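Data first, discussion second: the structure below is written as structure tokens.
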Amino acid sequence: MSKFISQKLNELEAYVPGEQPQDRSYVKLNTNECPFPPSPYAQRLARQAAGKLNLYCDPECGVLTSVAAETFGVNKENIIFTNGSDEVLNFAFLAFCDKDTPAVFPDVTYGFYPVFAKVNGVPYREIPLTASMEICAEDYFNAKGTIFIANPNAPTGIALSLDKIESILKNNPGNVVVVDEAYVDFGGESALSLLNKYENLLVTRTFSKSRSLAGGRLGVGFASKEIIADLNKIKYSTNPYNVNSMTAAAGVGALLDKEYFEANVRAICENRAYMTAGLQKLGFTVLPSSANFIFAKKDGVSGGELYRSLKEKGVLVRYFNKARLTDFVRITVGTKEETDALLAATAAVLEEKL
Ligand SMILES: *Cc1c(COP(=O)(O)O)cnc(C)c1O
């Protein structure tokens, strides 16, 4: 840190993304990417767009927005595209939180939320999950702040029903409720159907998990046209060209190639069941996941210990150095082969410990 850094960033601890090691190849099950490459159609459209990189991209993402409106059954004025969904989430902290309007989210959730609050200089309040690591909807009624709920939640993978989400919306007419649906395609119920009913709803989605475009950086927000206008105010005051033309083109392909998307999601859900059964057989407790990862623990092995032992065997998973989470590892659901590699490495680690 230099002596020049602004006072308000002095204490900030940046978000630590999952490892992206470049030194050797791992069975990489640590950052919830899709194990399958982008749709061939998405790749072709991105290559075509590469020939026009001399020109600025379309700040409105016009083609992509039309295709998304069609795909998700919403109007174009209810959509904003961003550089990953992290960006639309950051915009929401900027636009809808304030000294008197704290951000409100669970104590166990996406680790970026507290960092977004701090970098934007807004207070936040954490609401504990229940003993079974679930979100209790009633705890969020009349929250006096802007609510952020990842559904399914991370890193637990547990989903909240649409009824419960609606009860939170209904009981917070004066607060924006952000529903982060990064993992919804793997088994959650989307709140998109409530868009016309609640002016306080903002739904965010990403192309990083179910649509194989993590490296492309593409996210999207759905909300009333007034909320979208607020978010656009920030976008046009910071970086109107936040989605580059190759990524926007790839996004079009990813949405239009429905068959490819659906087949991949199906495969991940099958492998999730396979991985869960395999780990249970090895004595693990696995939380019920509606996402493309599982959260698992085994008595006598800490998350950190298992992480290190698996890494030595060439398998990367993630652990969290945080109260209530230290017993667990979070494992991304990969291909069948990757799952077999994980199960074999885990069995070997347990064997060596005996
Ligand atoms: C991965 C993830 C995101 C952000 O993904 P982007 O790559 O920035 O689109 C947002 N929320 C949750 C809960 C996530 O796990």
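Accessible area per residue (1.4 Å probe, heavy atoms of protein chains only) ranks Lys281, Lys225, Lys297 as Lys281, Lys225, Lys297, with the largest value leading.
Quick check: residue separation of Ala277 and Asp139 times 0.36 nm, minus the Cα distance between them. What number comes out in nm?
Numbers: separation 138, 0.36 × 138 = 49.68 nm, distance 3.29 nm.
Extra length from Ala277 to Asp139 when fully extended: 46.4 nm.
Rolling a 1.4 angstrom probe over the protein heavy atoms with all chains in place gives the chain an accessible area of 46 Å² per residue.
Which order do Arg47, Arg217, Arg272 take by accessible area at a 1.4 Å probe, largest first? Could the numbers behind the result be given before it?
Details: Arg47 155, Arg217 75, Arg272 40 Å².
Result, largest first: Arg47, Arg217, Arg272.
For the chain, which whole-number percentage of the solvent-accessible area (1.4 Å probe, protein heavy atoms only) is attributable to carbon and sulfur atoms? Can you show the working numbers first?
Working: 8390 of 16410 Å².
C and S atoms contribute 51 percent here.
Full extension of the chain segment joining Ser302 with Ala323 gains 6.3 nm, where the gain is 0.36 nm per residue of separation less the Cα-Cα distance.
Lysine pair count for region 40-256 with Cα-Cα distance under 18 Å and sequence separation of 8 or more or different chains is 12. The spacing between region 303-336 and region 247-287, judged by their C-alpha centroids, is 19 Å. Here region 40-256 carries DSSP beta bridges of which approximately 40% are antiparallel, counting only pairs with both residues inside. Each label was represented as a point 7 Å from its Cα along the Cα-to-Cβ direction; for Leu55 and Ala14 these points are 3.5 nm apart. Projecting label points 7 angstrom from Cα along Cα→Cβ for Asp163 and Arg266 puts them 3.0 nm apart. Sorted into 5 angstrom bins from 0, the C-alpha pair distances of region 40-256 split as 1, 7, 15, 20, 20, 16, 10, 6, 3, 1, 0 percent.
Grab the DSSP H runs of the chain that are 4 residues or longer, score each as -39,500 (n - 2.57), total them, divide by all residues and round the 222 nm result to the nearest 500 deg cm²/dmol. Walk me through the numbers on the way to the answer.
Working: 10 runs with 130 residues, N = 354.
-11500 deg cm²/dmol, from helical runs alone.
Compute the signed sum of charges (Lys and Arg +1, Asp and Glu -1) over the other residues within less than 11 Å, Cβ to Cβ, of Gly283.
On the way: positive: Lys281, Lys297, Lys298; negative: Asp299.
After counting each charged neighbour, the total is +2.
Relative contact order for the chain: what is it in percent, counting Cα pairs under 8 Å that are at least 6 residues apart?
Working: 649 pairs, mean separation 83.0, N = 354.
Result for the chain is 23 percent.
The lysines whose alpha-carbon is closer than 26 Å to the alpha-carbon of Lys298, local same-chain residues fewer than 8 away aside, are Lys28, Lys281, Lys311, Lys313, Lys322, Lys336, Lys353.
If Met246, Met133, Met1 are ordered by their accessible area, calculated over protein heavy atoms with a 1.4 Å probe, which sequence runs from highest to lowest?
Numbers: Met246 70, Met133 15, Met1 165 Å².
Accessible-area ranking of Met246, Met133, Met1, largest first: Met1, Met246, Met133.
The values are calculated or read from the model by the stated rules, or taken from the named source; none is laboratory data. Keep in mind the model is a prediction, meaning the values are calculated, not measured. Cβ atoms come from the backbone with ideal geometry, glycine included; neighbour counts cover every protein chain shown. Ligands, DNA and RNA are stripped out before the accessible areas are found, and what is left, the full protein with its side chains, is counted by its heavy atoms. Shrake-Rupley method; radii C 1.70, N 1.55, O 1.52, S 1.80 Å.
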